[in-house]
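In what follows, a single structure is set out as structure tokens and then discussed.
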Amino acid sequence: MDRPTAAVFNPQRFRLGDVLIGKGLLDAGQLARALELQKTSGRKLGRVLTELKFVSDLQIAEVVADQLGIEFVDLTRCEPDPAVVRRLSEAQARRFRALVLGPKDGGLEVGLVDAADMVSFDQLSRVLKATIHPVVVTEEALLASIERIYQRKEELAGLASQVAADVGDVLTLSGLESAASADDAPIVKLLNSIFGSAVTRNVSDIHIEPQERALQIRFRADGVMQVQSNPDARIAGAVVQRLKLMASLDISEKRLPQDGRFRIKVANAMLDVRISTLPTQFGESVVMRLLAQNADRLRLDALDIPAPILKRLRAALTASSGMVLVTGPTGSGKTTTLYAALSELNKPDTKIITVEDPVEYRLPGLNQVQVNEKVDLTFSRVLRACLRQDPDVILVGEMRDAETAEIGLRAALTGHLVLSTLHTTSAAGTPMRLRDMGVAPYMVALGVRLVIAQRLVRTICRHCRSETEAAAHEREWLADDPEFTSGRLQVWRGTGCTACHGSGYSGRVAVYEMLEMTPELMHLVNADDPAGFAAAAQRAFAEFTLRRAVLQLVHDGHTTLAEAMRVGSGV
């Protein structure tokens with residue numbers, strides 16, 4: 001076999017930013033901003049550009065391939081032989097951002113994210129001991145292929161077996177403390193692998209659930225639960241207690257639920273992990289919400305709020321008083337929207353107090369209070385105390401009861417801007433929901449200024465997106481929307497590929513509707529006329545309803561009719 005050398009592949013150096021500008025994919029201002037961020041973050045320019053959403057990873061890959069004179073390969077459309085891929089270990093594949101695709105001309109064809117990195121190329125040649133024929137691949141597709149082919153599930157199973165061998169049938173406290181202090185302990189490696197896989201797949205929640213014969217580990221990705229692994233049930237105690245130690249919870253208390261949080265760094269990303277434990281039949285169940293502490297996400301203009309709604313929301317936020325409510329089910333992004341609003345209000349001349357259970361995002365400059373029911377530190381009690389702290393803006397995590405809602409509305413009527421959430425199915429139902437809770441009609445009419453309802457909708461994977469025709473039951477659901485049912489209705493779906501782990505969906509986008517309290521609506525609330533209010537609210541919405549927003553996503557090919565029916569039914 002020929003000895004691999006750099007001479008086999010010796011590309012000319014080029015400046016990625018300049019090439020992207022030359023092709024009209026980037027402008028000078030965007031490049032300047034990306035270069036500035038690159039200096040402070042230390043990340044490569046290509047990654048910074050994709051994180052800022054100036055260009056896509058596909059556009060960068062195609063430009064790089066063109067400049068280097070080599071081929072671009074779409075990994076979502078090819079199926080490399082796992083035996084050939086494993087010429088590199090998983091650790092090596094992740095380190096070099098490389099995937100062996102197969103034999104070629106007496107050597108190996110290798111997909112590379114950064115094919116211009118000659119140092120890594122030479123090291124990879126020595127590791128593989130073969131002549132490398134490079135092709136360019138996108139980082140997103142490469143990581144998805146690594147996740148699928150190397151099957152981190154196997155890694156989890158192996159680590160779980162080591163943990164089971166270490167703890168045996170009985171877990172001792174001294175043994176746990178030893179494991180907690182040793183970075184190379186199997187329990188630490190197991191949890192690192194779980195968190196690493198979760199970050200790679202953009203998971204929002206990790207569920208660790210003891211069963212009779214197995215410890216079920218599931219991820220919630222794009223709002224849907226997916227089984228990740230089912231290791232031996234004997235390791236449940238070790239996993240749960242390690243997590244409780246990380247969150248500073250009481251490891252001796254197994255009969256009562258506990259809540260806590262901790263921070264962890266995974267793949268150069270800092271995660272704030274909110275943890276909840278619950279005693280079940282076979283042990284303590286643990287759910288962890290992963291909150292990426294990314295300030296860029298906490299901006300209103302990064303949330304894809306329609307321009308007319310965003311304009312009126314910002315107008316409401318500039319007011320010195322009144323209540324702004326965001327409604328929707330659990331996991332619909334309400335807190336993210338409120339914190340994006342707080343980020344715009346967070347200035348040195350504005351005092352902001354938040355009352356939450358728990359505190360989800362930590363922002364400098366805010367006075368954030370954690371509710372603690374055990375010591376009678378309730379929403380209503382903290383809210384009363386807040387009013388003596390001379391705030392300009394108050395965020396209440398949730399209007400849970402009539403007392404909290406009444407105090408919040410009184411604050412909104414006496415010169416404070418109050419932001420909060422409420423669990424209702426639509427914006428139109430919110431004022432009457434406050435009435436049902438026992439709040440006086442005049443307080444709702446005069447205090448509530450704006451209500452936004454939102455949902456998160458799964459979007460079709462762009463790698464396996466294909467056109468299809470609406471089914472009969474889907475047409476029936478659209479019977480009230482003639483513009484969507486006239487003629488042959490063409491819709492889109494994802495067929496399932498490596499990039500989306502076979503689901504056909506990748507990522508989520510929020511849809512919104514907004515109700516601004518007009519004099520007519522205020523009068524109907526004060527008159528306690530639910531039917532009249534509902535009719536007037538529908539007229540006030542015009543085209544900005546949740547159903548209309550979801551159907552527009554279908555029309556534009558961003559989501560499926562099945563997803564629209566899941567989200568849009570009942571709103």
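The values are calculated or read from the model by the stated rules, or taken from the named source; none is laboratory data. All figures in this text were calculated on a predicted structure; none of them were measured in a lab. With ideal geometry, Cβ positions are generated from the backbone for all residues, glycine too; neighbour counts draw on all protein chains shown.
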Practice task
Working only within segment 429-469, note down all residues that are part of a strand (DSSP E or B) and either at positive phi or modelled with pLDDT under 90 (or both).
Solution key: R465, S466, E467, T468, E469
Practice task
Answer yes or no: is there a residue in segment 145-168 that is within 33 Å of the chain's Cα centre (by Cα), at pLDDT 85 or above and either small (G, A, S) or under 30 Å from L191 (Cα atoms) (or both).
Solution key: no
Handout entry: segment 47-82, residues that are buried (at least 18 other Cβ atoms within 10 Å of the Cβ) and among the acidic types (D, E)
Key = D57
Handout entry: Flag for A144 being part of a helix (DSSP H, G or I) and in contact with a Lys or Arg (Cβ under 9 Å, 6 or more places away or on another chain)
Key = yes
Completion exercise
Within segment 171-217, the residues that are over 27 Å from L291 (Cα atoms), at pLDDT below 80, in contact with a helix residue (DSSP H, G or I) (Cβ under 9 Å, 6 or more places away or on another chain) and not in a helix (DSSP H, G or I) are L171
Practice task
Mind counting the residues in segment 81-95 that are at pLDDT below 80 and part of a helix (DSSP H, G or I)?
Solution key: 4
Handout entry: Any chance I235 is over 14 Å from D205 (Cβ atoms), surrounded by 17 or more Cβ atoms within 10 Å (Cβ to Cβ) and not charged (D, E, K, R)
Key = yes
Problem - Residue among L313, L342, L363 that alone is within 23 Å of T545 (Cβ to Cβ) and in contact (Cβ under 8 Å) with a residue 60 or more places away in the chain - result: L313
Problem - Members of segment 441-456 found to be buried (at least 24 other Cβ atoms within 10 Å of the Cβ) and over 30 Å from Y505 (Cα atoms), listed by number - result: V444, G447, V448
Exercise for the section: Select from segment 353-366 the residues that are closer than 17 Å to R299 by Cα and buried (at least 19 other Cβ atoms within 10 Å of the Cβ) and list them in ascending order. Expected result: Y361, L366
